[in-house]
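The values are calculated or read from the model by the stated rules, or taken from the named source; none is laboratory data. This one's a predicted model, so the numbers in the text were calculated from it and none came from an experiment. Neighbour counts run over all protein chains shown; Cβ positions are idealised from the backbone, glycine included. SASA here: full protein model, heavy atoms, side chains in, ligands and nucleic acids out. Shrake-Rupley method; radii C 1.70, N 1.55, O 1.52, S 1.80 Å.
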Protein chains: 2
Amino acid sequence: MLSDALQAAIDNKTKPLGSLGMLESLAHWIGLIQRTVRPALRQPAILVFAGDHGVVAEKVSPYPQDVTWQMVENFLAGGAAINVFARQHGCTLQVVDAGVNHDFAARAGLVDRKVGYGTRNFASEPAMTAEQCVLAMARGAELVAGLNGNVVGFGEMGIGNSTAAAALMHLLTGAPLADCVGAGAGMDAAGVAHKREVIERAVAKHDVTAPLDVLATFGGFEIAMMAGAMLAAAERRMVVLIDGFIVTSALLVVARLQPAVLDYCVFSHCSDERGHRTMLEHLGARPLLQLGLRLGEGSGCALALPLLQAAVNFLCEMATFESALVSGKDA
Amino acid sequence: MLSDALQAAIDNKTKPLGSLGMLESLAHWIGLIQRTVRPALRQPAILVFAGDHGVVAEKVSPYPQDVTWQMVENFLAGGAAINVFARQHGCTLQVVDAGVNHDFAARAGLVDRKVGYGTRNFASEPAMTAEQCVLAMARGAELVAGLNGNVVGFGEMGIGNSTAAAALMHLLTGAPLADCVGAGAGMDAAGVAHKREVIERAVAKHDVTAPLDVLATFGGFEIAMMAGAMLAAAERRMVVLIDGFIVTSALLVVARLQPAVLDYCVFSHCSDERGHRTMLEHLGARPLLQLGLRLGEGSGCALALPLLQAAVNFLCEMATFESALVSGKDA
């Protein structure tokens with residue numbers, strides 16, 4: 001059994017049993033994903049999907065919608081947090097226009113997969129048509145098919161998307177809406193209460209329960225594209241690195257469609273955005289980092305990458321008790 | 001004020017206020033240590049101090065004492081966890097014989113600062129003389145004076161040293177002994193109970209309260225050498241990176257002698273060894289990682305290094321709202 005062989009390899013390393021904690025379960029997990037006792041991470045990539053949300057018309061974000069495209073420009077110029085962290089770890093970064101409400105000048109580094117100029121306002125009508133939702137997912141899957149590596153991290157940018165993610169969480173996990181709605185990019189308490197009311201009314205309006213219907217009705221182009229990309233990445237046996245609240249909301253959809261995808265997921269961190277911890281518990285996930293991050297962009301994925309590498313490295317490079325001639329426990 | 005300037009620099013970066021969580025406080029902290037709004041980490045080094053403990057005669061460890069020197073050989077051969085993680089992060093590693101009960105063949109990579117062939121058994125007599133304790137501290141300070149970088153992480157190896165550290169914790173924090181004694185390298189419940197009894201009797205025997213007396217009576221050569229090294233590192237305004245239970249026990253001594261040293265400390269992780277969380281709370285410390293590690297060797301320091309680098313990098317490399325032409329919050 002591969003699982004037993006992995007555990008034996010981990011236990012024979014020159015360290016007290018279990019003393020590398022979560023790195024040991026991570027090494028085991030990656031070994032299972034790659035079906036080997038000597039896993040390797042090749043060319044990790046982070047895909048940042050950007051999209052706009054019609055629901056911003058309901059004033060659910062403290063930032064204007066233009067910040068979505070302005071931050072895409074910032075990604076392209078290399079000035080955002082995810083640029084800094086991806087550079088630090090030698091990680092490829094792709095910025096994907098999944099559906100930003102802006103015409104970008106074509107240029108290297110921007111992957112144009114625009115499905116539309118932002119979704120519709122789900123307070124009054126479904127955010128996407130079923131066709132748009134399927135198209136976004138298919139484009140996400142295609143993008144993953146074009147990657148050369150075996151690790152893909154997911155990030156996103158989209159003013160209003162914590163509102164979409166909260167609606168998805170509520171409908172897909174059954175958690176009370178109050179536990180799903182947080183401050184996002186920085187709403188005050190009154191703003192959060194308003195955001196909750198907006199979602200509450202919309203949920204009452206649209207009678208949807210099937211995961212794809214929920215996604216089309218409340219999601220975003222970037223969320224649907226991530227969902228498609230996650231499905232494709234798991235099919236290709238890649239390590240699927242999950243970021244914060246929005247990315248995990250895409251995974252909630254995927255987990256309902258194809259629960260086996262969870263076997264390929266590594267959870268980079270627990271965000272400070274209200275709801276993320278509950279989402280992770282719902283998925284049975286143990287996050288690697290707990291740094292109080294709530295930025296998105298895939299920043300948690302980039303920060304967790306060295307831990308994935310450390311897990312693989314100790315498994316492949318550490319000496320065993322036998323090879324190092326180190327005594328074991330007294331009998 | 002430097003602190004205000006640092007906070008302003010952090011807040012002007014293109015991200016929601018506070019959204020990088022602990023990385024923001026870390027960047028602020030390192031800026032204060034280096035007295036600049038543009039801190040930089042130069043040539044981080046991890047020093048692993050090895051020493052033996054006479055108290056192993058009381059059967060407080062499941063491993064034979066020989067494992068101390070065998071693991072030193074493993075460090076020198078590059079096969080231990082700390083070697084793997086230090087290599088991964090391009091971090092200098094120095095292995096210091098502070099007082100191992102073994103004659104090593106001289107060789108490159110082994111720093112010989114041996115104070116003795118292991119301490120005495122504190123169950124019957126003080127572990128060190130006052131002179132040995134001072135000598136160990138002085139040698140630690142000297143070692144730090146020879147470093148070229150501005151970040152130093154501390155690690156240790158010594159069969160029996162979790163027993164010494166538990167005694168230090170009990171006497172220096174006042175925590176009940178039951179909260180200070182853990183499984184170390186893997187004692188079972190009966191073994192932990194025995195370990196506690198050994199310390200209990202020794203504490204009743206030796207009437208010491210001053211930090212240096214406590215250190216000399218119950219500590220180890222590697223613990224005393226780390227304490228001296230920490231004092232010197234803080235004097236040189238270096239970032240002092242703290243590992244797990246044993247390393248933090250050395251810091252407990254230092255914090256009593258010179259509390260300002262804490263201003264230079266970054267706490268890499270919270271260990272699974274019982275007592276470490278309480279130690280950290282006693283020091284008002286917030287650890288970066290919580291991975292269930294309990295290995296020592298400075299492994300937590302090495303794993304936390306990329307987070308220190310990320311903190312410095314975002315502060316120095318991220319665009320500001322002005323420079324990236326990104327809109328701020330709506331008025």
Could you please let me know if B:R139 is modelled with pLDDT under 95, open to solvent by 60 Å² or more (accessible area, probe 1.4 Å) and away from chain A (no Cβ under 14 Å)?
no
Those residues of the stretch A:56-102 which are aromatic (F, W, Y) and either within 8 Å of chain B (Cβ to nearest Cβ) or surrounded by fewer than 23 Cβ atoms within 10 Å (Cβ to Cβ) (or both), in sequence order:
A:Y63, A:W69, A:F85
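Take B:G31 and decide whether it is over 24 Å from B:A304 (Cα atoms) and either within 22 Å of the chain's Cα centre (by Cα) or of a type in the set (S, T, N, Q) (or both). Give the steps one after another, and end with the answer.
Working: over 24 Å from B:A304 (Cα atoms): no; either within 22 Å of the chain's Cα centre (by Cα) or of a type in the set (S, T, N, Q) (or both): yes.
No.
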Matching entry among B:L212, B:L147, B:L172, B:L231 (being surrounded by fewer than 24 Cβ atoms within 10 Å (Cβ to Cβ) and more than 19 Å from B:A130 (Cα to Cα)):
B:L147
Within the stretch B:212-235, identify whether any single residue is β-branched (V, I, T) and more than 22 Å from B:G99 (Cβ to Cβ), and answer yes or no.
no
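For B:L257, indicate whether it is out of contact with any Asp or Glu (no Cβ under 6 Å at 6 or more places or on another chain), under 22 Å from B:T36 (Cβ atoms) and modelled with pLDDT of 95 or more. Talk me through it step by step, then tell me what you get.
On the way: out of contact with any Asp or Glu (no Cβ under 6 Å at 6 or more places or on another chain): yes; under 22 Å from B:T36 (Cβ atoms): no; modelled with pLDDT of 95 or more: yes.
No.
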For the subset of the stretch A:303-331 comprising residues that are over 30 Å from B:V60 (Cα atoms) and facing chain B (nearest Cβ under 8 Å), which member is most open to solvent (accessible area, probe 1.4 Å)?
A:E317
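Here is a list: B:A302, B:A285. Which entry is among the hydrophobic types (A, V, I, L, M, F, W, C) and touching a residue at least 60 places away in the same chain (Cβ under 8 Å)? Steps first, answer last, please.
Values: B:A285 fails: touching a residue at least 60 places away in the same chain (Cβ under 8 Å).
Just a single option satisfies the conditions, and that option is B:A302.
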Counting only residues in the stretch B:144-166 that are in a helix (DSSP H, G or I) and under 17 Å from the mean Cα position of the chain (by Cα), the one nearest to B:P126 (Cα to Cα) is identified as B:A164
Among the polar types (S, T, N, Q), closer than 21 Å to A:V247 by Cα and out of contact with any helix residue (DSSP H, G or I) (no Cβ under 6 Å at 6 or more places or on another chain), is that true of A:T173?
no
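So which of B:E200, B:E131 ends up being open to solvent by 40 Å² or more (accessible area, probe 1.4 Å), touching a Leu at 6+ places or on another chain (Cβ under 8 Å) and assigned to a helix (DSSP H, G or I)?
Numbers: B:E131 fails: touching a Leu at 6+ places or on another chain (Cβ under 8 Å).
Selected residue: B:E200, the only one of B:E200, B:E131 that is open to solvent by 40 Å² or more (accessible area, probe 1.4 Å), touching a Leu at 6+ places or on another chain (Cβ under 8 Å) and assigned to a helix (DSSP H, G or I).
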Within the stretch A:167-197, the residues that are in a loop (DSSP other than H, G, I, E, B) and either within 24 Å of the chain's Cα centre (by Cα) or under 16 Å from A:H276 (Cα atoms) (or both) are A:G174, A:A175, A:P176, A:C180, A:V181, A:G182, A:A183, A:G184, A:A185, A:G186, A:M187
Any chance you could count how many residues in the stretch A:1-36 are touching a His at 6+ places or on another chain (Cβ under 8 Å) and within 13 Å of another protein chain (Cβ to nearest Cβ)?
1
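Evaluate the stretch B:268-276: report whether one residue or more is touching a helix residue (DSSP H, G or I) at 6+ places or on another chain (Cβ under 8 Å) and closer than 19 Å to B:T36 by Cα. First the steps, then the outcome.
As a first pass, look at the stretch B:268-276 and keep what is touching a helix residue (DSSP H, G or I) at 6+ places or on another chain (Cβ under 8 Å): B:268-271, B:273-276.
Then keep just the ones that are closer than 19 Å to B:T36 by Cα; that gives none.
No - not one qualifying residue is present in the stretch B:268-276.
Within the stretch A:236-259, does at least one residue satisfy the condition of being polar (S, T, N, Q) and facing chain B (nearest Cβ under 7 Å)?
Just the residues of the stretch A:236-259 that are polar (S, T, N, Q), to begin with: A:248-249, A:258.
Filter once more, keeping what is facing chain B (nearest Cβ under 7 Å): none.
Within the stretch A:236-259 (the criterion being polar (S, T, N, Q) and facing chain B (nearest Cβ under 7 Å)), the answer is no, since none of the residues qualifies.
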Mind checking which residues of the stretch B:59-86 are in contact (Cβ under 8 Å) with a residue 60 or more places away in the chain, more than 18 Å from B:K114 (Cβ to Cβ) and not aliphatic (A, V, I, L, M)?
B:K59, B:S61, B:P62, B:Y63, B:P64, B:F85
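Every residue, every condition in (1) of a type in the set (A, V, I, L, M); (2) open to solvent by less than 10 Å² (accessible area, probe 1.4 Å); (3) assigned to a helix (DSSP H, G or I), yes or no:
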position: A:R237; (1), (2), (3): no, no, no
position: A:V253; (1), (2), (3): yes, yes, yes
position: A:A260; (1), (2), (3): yes, no, yes
position: A:D263; (1), (2), (3): no, no, yes
Of all the residues that make up the stretch B:104-124, how many are in contact with a His (Cβ under 7 Å, 6 or more places away or on another chain) and among the β-branched types (V, I, T)?
1
Looking at the stretch A:37-49, is at least one residue free of Cβ contacts under 8 Å to residues at least 40 places away in the same chain, surrounded by fewer than 22 Cβ atoms within 10 Å (Cβ to Cβ), under 30 Å from B:N83 (Cβ atoms) and away from chain B (no Cβ under 13 Å)?
no
Odd one out for A:L6 among (1) hydrophobic (A, V, I, L, M, F, W, C); (2) open to solvent by 20 Å² or more (accessible area, probe 1.4 Å); (3) at pLDDT 95 or above; (4) over 22 Å from the mean Cα position of the chain (by Cα)
(2)
Going through the stretch B:289-302 in order, the residues found to be within 7 Å of another protein chain (Cβ to nearest Cβ) and open to solvent by 10 Å² or more (accessible area, probe 1.4 Å) are B:Q290, B:G292, B:R294, B:L295
For A:D272, are the conditions met, namely being farther than 18 Å from A:F154 by Cβ, out of contact with any Lys or Arg (no Cβ under 8 Å at 6 or more places or on another chain) and within 13 Å of chain B (Cβ to nearest Cβ)?
no
Within the stretch A:103-128, residues being more than 20 Å from A:A167 (Cβ to Cβ) and either open to solvent by 60 Å² or more (accessible area, probe 1.4 Å) or of a type in the set (D, E) (or both) number 8
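Is it the case that B:E222 is part of a helix (DSSP H, G or I), among the acidic types (D, E), closer than 14 Å to B:S162 by Cβ and at pLDDT 95 or above?
Numbers: part of a helix (DSSP H, G or I): yes; among the acidic types (D, E): yes; closer than 14 Å to B:S162 by Cβ: yes; at pLDDT 95 or above: yes.
When the stated conditions are applied, B:E222 passes them.
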